[in-house]
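Okay, structure first, notes after.
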Amino acid sequence: MSEVGVVQTIMDFFNAAVLAATPLLLATLGEILTEKSGNLNLGVEGMMYMGAMAGISASWLYEAAMGAAANGLVSVLLAVAGGILAGALGGLIYSVLTVTLRANQNVTGLTLTIFGAGIGNFFGELLGMRAGGYASITDVTKSMFNNIEMPLLSKIPVLGKMLFSHDFVVYMAVIVAVLMTWFLNKTRVGLNLRAVGESPATADAAGINVARYKYLATCVGGGLCGLGGMYISMVRFSGTWVHGCVDGRGWIAVALVIFAAWSPARAMIGALLFGGLSVLRYYMPIKDVATQFYDMVPYIATVVVLVITSIRQGKERAQPKACGINYFREER
Amino acid sequence: MTPLAASEVAVQLTNITKTFGKVCANQNVSLNVKKGEILALLGENGSGKTTLMNMLSGIYFPDSGQISVDGREVVIRSPKDAFDLGIGMIHQHFKLVDVMTATENIVLGLRGGMNINRAARAKEIKEISARYGFVLDPDKKVYNMSVSEKQTVEIIKVLYRGANTLILDEPTAVLTPQETDKLFEILRNMKNDGKAIIIITHKLNEVLQISDRVTILRKGACVGTVQTREASVKSLTEGMVGRSVNLEIAREKLNQTPDRLRISGLTCKNAEGVKALDGVSFTVRGGEILGVAGIAGSGQKELCEAIAGLYPIESGSILYIHGDKTEELVGLKPAQIVQKGVHTAFVPEDRLGMGLVASLDMVDNVMLKSYRNTKGFLVDRKAPKALADTLIERLEIVTPGTSTPVRRLSGGNVQKVLLGREISSDPAVLVAAYPVRGLDINSSYTVYDLLNEQKKKGVAVLFIGEDLDVLLELCDRLVVLCAGRVSGVVDAAVTGKEQVGLLMTHAGGQAEIDAGAKNANGKGVET
């Protein structure tokens, strides 16, 4: 392979990794925010399905209603809003069950995964039946997800293509990660949220409304998961509903939260790494190695990461202490 | 009590009642605290002191009654309402976030600019510290702090919020005598600054030392309020318990005290690889109560568990001497150690954790120690049932019956079940770790009597305690632990509290201890 060819392959590999990493990053950020409030929401996979289905449905229904007059921008905004709202609805269901009704967090999260996957696939298939075979959005909407070329920056050789030529959701995800780092470490509200997740009784005694923080963080976190799901159906699968499209990415996001040690900044690195692993086989094919092996790699890496992180001990880079435990003020 | 001018009174509670289900925690309680005054709230465990104060700090809401602050009637529905009224509570179990710094914990939940601006906050905190005499590093993380430092953070947190009324729930329970003195000095500074202070406690000598007035609660009701200078230990106890109590702990010196356990060079490492016990050596004698003193977490738990065979031992030996036989206990399994007659009535922080099974009844719990002795596939329940009945009668255990799960029993009764079971197996060594933790005054004295009874029978009793007054009164000798090492073995009859306190904080530095001891004796050392 020529030198130019190698560089081209690396660039293509990197861009494919970014494409695969974006939904992982959004879902990981959502789950970090949720866990910072002390809610261990294992329903990420379900919320991603709900977002994936709602995102594509919103676009498709809008296009179907408007016909040729459909505006791509409106369609995409509807998809984004649909994805976020559906994910947030998942977070709301979880919050009502665990914060208000004090249901067990693990059971509720697992149930949400099953519920979300079921409802996502059901309505996704229904959409396909109504569309007469399979549901797919038109190029008017799809073109809005084209890479944004930036003046000057995108023209930088190699780096320009790798860093400054992506669709808007990629930039959104990175901005959310940066904002979240600032929010958690520098702001009063962020400090209060961390206190709620570490020790709700302390937060309560300090005059912080624990339930409100838990609800908000979980719903916003769910919204980010839903947005990640939307990205899968609208970009990864080019606006066509594919049965079972989320395919375990929600679970990888849950593992990535641990990998990133609850830091939004590290989540970017983790998501890119895992995104890269999941597309490795297209760019580094090794003769006689079955594709199934490549499919296994992200999951094996997840297991390895979980083992390593459980050995590592430290107070700061650990799960929020009250994560997974419901808070009840008058418990004696 | 003379009526007070409204302006003087900081907080007034009138006829407060609070019930939890059928349990009445407070009934028509009234009290007040004035500005520039320290009020002690005295009562046994379960007398409703903390519940009452929780209503003032917004954790609970009273069923009926009025609260007024600065002469104005108020409604406190949440901790935030309490802060807004200038009332702050320092809870017994600290409410701090471990992974955050002192500053972060102090500003938690406060309004202000979006950014925290830690440097400016740290400066404000230093100003408060200087004003009242605290020593605190604002950037230190809470998990790196000692108990006393954590308490300092709690108090500054309350002051930072502009509290004029401070409530401290058992503030000295976790402190060494020296730290307690320092705290009292700070409390006096705050009092002179015009703050109203309520201190919840059941330690009578502290009440007499620090407070201006005492309000006594008994079984949720207010017994009365007295001026501290007119009160005595005896009068306060009678108010608290409701009848006269003999507060003397008998200590008989026995002539025969043969060595029973000879522990030498005992070293254990905890999960983090840190030495929890470091070359611990001492002897436990039969017919003697050997007390173990030390700040919480100095290796007491590991010591008990090592003797019971539950903790991995790195090196050292535990020799068990019975008559003319000598046996090594290190390397034996817990069951083998029990067979030799070494019994551990271990009372960990949650007392139902290692000693008893909470959801089992008394018979089953008693049987846990003896079921192996019967042959065959089925267990014999008759003997343990008889033993349980005997224990109920002898130790005056209050329980609906032997088939009630022990979890439903009160703390004192659970303790009696546990101790009774261990004692009934005729031990040669009895290890009692914190046997009176959380018990009221009556149950505590029952436990002391039980231990003394065992001592008279020639049993070697190892008593891990936290209250230095009790340790010095009850025990014959004291082993003082500091950071996993033995910092001194002293004769309890002739040793002062200050000296033990110094030993508790000075590991290894024998010279310092000597100097401290001389200082405590008033002879003084020039440095």
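On the stretch given as region B:198-220, residues that are of a type in the set (Gly, Ala, Ser) and at pLDDT 90 or above total 1.
For region A:65-102: of the residues being in contact (Cβ under 8 Å) with a residue 60 or more places away in the chain and in a loop (DSSP other than H, G, I, E, B), which is surrounded by the fewest Cβ atoms within 10 Å (Cβ to Cβ)? The selected residue is A:102.
Scanning region A:136-158 for residues that are in a helix (DSSP H, G or I) and surrounded by 15 or more Cβ atoms within 10 Å (Cβ to Cβ) yields A:140, A:141, A:142, A:144, A:145, A:154.
Has region B:260-275 got any residue that is touching a helix residue (DSSP H, G or I) at 6+ places or on another chain (Cβ under 6 Å), among the β-branched types (Val, Ile, Thr) and part of a loop (DSSP other than H, G, I, E, B)? No, that holds for no residue. Out of B:284, B:280, B:245, B:292, one residue alone is under 23 Å from the mean Cα position of the chain (by Cα), among the aliphatic types (A, V, I, L, M) and assigned to a strand (DSSP E or B). It is B:292.
Within region B:86-104, being among the polar types (S, T, N, Q) and within 8 Å of chain A (Cβ to nearest Cβ) holds for no residue. When you look at residue B:489, is it part of a helix (DSSP H, G or I), modelled with pLDDT of 85 or more and out of contact with any His (no Cβ under 8 Å at 6 or more places or on another chain), yes or no? Against the criterion (part of a helix (DSSP H, G or I), modelled with pLDDT of 85 or more and out of contact with any His (no Cβ under 8 Å at 6 or more places or on another chain)), residue B:489 does not qualify. The set of residues in region B:445-462 that are crowded, with 16+ Cβ neighbours inside 10 Å and part of a helix (DSSP H, G or I) comprises B:445, B:446, B:447, B:448, B:450, B:451, B:452, B:454, B:455. No other residue among B:58, B:65, B:109, B:88 is buried (at least 20 other Cβ atoms within 10 Å of the Cβ) and assigned to a strand (DSSP E or B) apart from B:88.
Kindly establish whether residue B:132 is surrounded by fewer than 20 Cβ atoms within 10 Å (Cβ to Cβ), among the hydroxyl-bearing types (Ser, Thr, Tyr) and closer than 27 Å to residue A:194 by Cβ. Answer is no for this residue. For residue B:46, indicate whether it is more than 10 Å from chain A (Cβ to nearest Cβ), under 27 Å from residue B:231 (Cβ atoms) and in contact with a strand residue (DSSP E or B) (Cβ under 7 Å, 6 or more places away or on another chain). Here the answer is no, as residue B:46 does not meet what is asked. A Cβ distance below 6 Å, combined with a sequence gap of six or more or placement on separate chains, defines the contacts here; from region B:67-79, residues that are of a type in the set (Val, Ile, Thr) reach residues that are surrounded by 20 or more Cβ atoms within 10 Å (Cβ to Cβ) and modelled with pLDDT under 90 in the pairs B:76/B:58.
Among the residues of region A:199-218, the ones that are of a type in the set (S, T, N, Q), at the interface with another protein chain (Cβ under 10 Å from one of its Cβ atoms) and in a helix (DSSP H, G or I) come to 1 in all. If you take the residues in region A:316-332 that are within 9 Å of chain B (Cβ to nearest Cβ) and more than 26 Å from the chain's Cα centre (by Cα), which one is modelled with the lowest pLDDT? Here the residue is A:332.
Scanning region A:267-281 finds no residues that are surrounded by fewer than 14 Cβ atoms within 10 Å (Cβ to Cβ) and either at pLDDT 85 or above or charged (D, E, K, R) (or both). Would you tally the residues in region A:182-198 being touching a Ser or Thr at 6+ places or on another chain (Cβ under 7 Å) and either touching a residue at least 60 places away in the same chain (Cβ under 8 Å) or away from every other protein chain (no Cβ under 12 Å) (or both)? Of the residues in that region, 3 qualify. Just one of the listed residues (B:82, B:25) is crowded, with 20+ Cβ neighbours inside 10 Å and not in a helix (DSSP H, G or I), namely B:25.
The values are calculated or read from the model by the stated rules, or taken from the named source; none is laboratory data. Everything numeric here is computed off the predicted structure, so don't read it as measured data. Every residue, glycine among them, receives a Cβ derived from its backbone with ideal geometry; neighbour counts consider all protein chains shown.
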